[in-house]
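The values are calculated or read from the model by the stated rules, or taken from the named source; none is laboratory data. For clarity, every value in this text was computed on a predicted model and none was experimentally measured. Note: ideal-geometry Cβ built from the backbone for every residue, glycine included; neighbour counts use all protein chains shown. In case anyone asks, the SASA skips ligands and DNA or RNA and just uses the protein heavy atoms, side chains included. Shrake-Rupley method; radii C 1.70, N 1.55, O 1.52, S 1.80 Å.
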Amino acid sequence: IPVILSLFLATFVLYKSKFNLFSKLFFTFILTFSVWLIGDLILWTQNNYFLQYTSWAPLVFIEIIFYILAIYFGIIFVKKNDISNLFKIFFILITLPPFIITVTGKSVTGFYYPVCEAVNNGILDIYKLAVEIILLLILLFYILKQFINKISSKQQKNILIVLGSIFSFLLIFGATEYWASVTGHYEIGRASCRERV
């Protein structure tokens, strides 16, 4: 339901704004995040080994992509125009390692059958965490910059609401995912491949 509603909203915004850059980024972010959600849903509900493995493998790469799109979206909301080519090159470069690891089939290093879950590439997990921290720091810089720039209080408030919402969402998402992966608390009540219905 969240995926369907989000895609409907993103499509509506895209159409009403006549496909400008802002709406295209919003739509692409929603689409990418929806793909991640569907993949995650498959991981927690299906008992097919091959479906599990196939869905698990690209999730880290997809997660990095939607983080980048969210930051991209936030920056152009502040600047009111596209980012520089240097920024675009930076975004492309940080996606290359996870892309290469994923397409070469090395994002998953094994499968733990008793709990029906794949084993992530440890290096890729660390890389993902580092990238997400860097991207959050970039967004935090743009948030703090609003207190320095001399802009109208109404405009500043709108910017802070949007950037603050994006920052909070990404921070909570990343922190809870990291906490779950470290503590294993998401394992509570999880059945094996054979036991799932």
Apart from one, (1) part of a helix (DSSP H, G or I); (2) without any contact (Cβ under 8 Å) to a residue 40 or more places away in the chain all hold for Val78; the odd one out is (2)
How many of the residues making up segment 98-124 are open to solvent by 50 Å² or more (accessible area, probe 1.4 Å) and in a helix (DSSP H, G or I)? 6
Considering segment 89-123, residues that are in contact (Cβ under 8 Å) with a residue 24 or more places away in the chain and hydroxyl-bearing (Ser, Thr, Tyr), and then whichever is farthest from Leu59 (Cα to Cα), we arrive at Tyr113
Go through segment 23-51 and give me each residue that's over 14 Å from the mean Cα position of the chain (by Cα) and hydrophobic (A, V, I, L, M, F, W, C). Leu41, Ile42, Leu43, Trp44, Phe50, Leu51
Looking at this structure, is Leu86 under 24 Å from Lys24 (Cα atoms), without any contact (Cβ under 8 Å) to a residue 60 or more places away in the chain, assigned to a helix (DSSP H, G or I) and open to solvent by 40 Å² or more (accessible area, probe 1.4 Å)? yes
Report, by residue number, each residue of segment 33-65 that is aromatic (Phe, Trp, Tyr), closer than 22 Å to Ile4 by Cα and touching a Pro at 6+ places or on another chain (Cβ under 8 Å). none
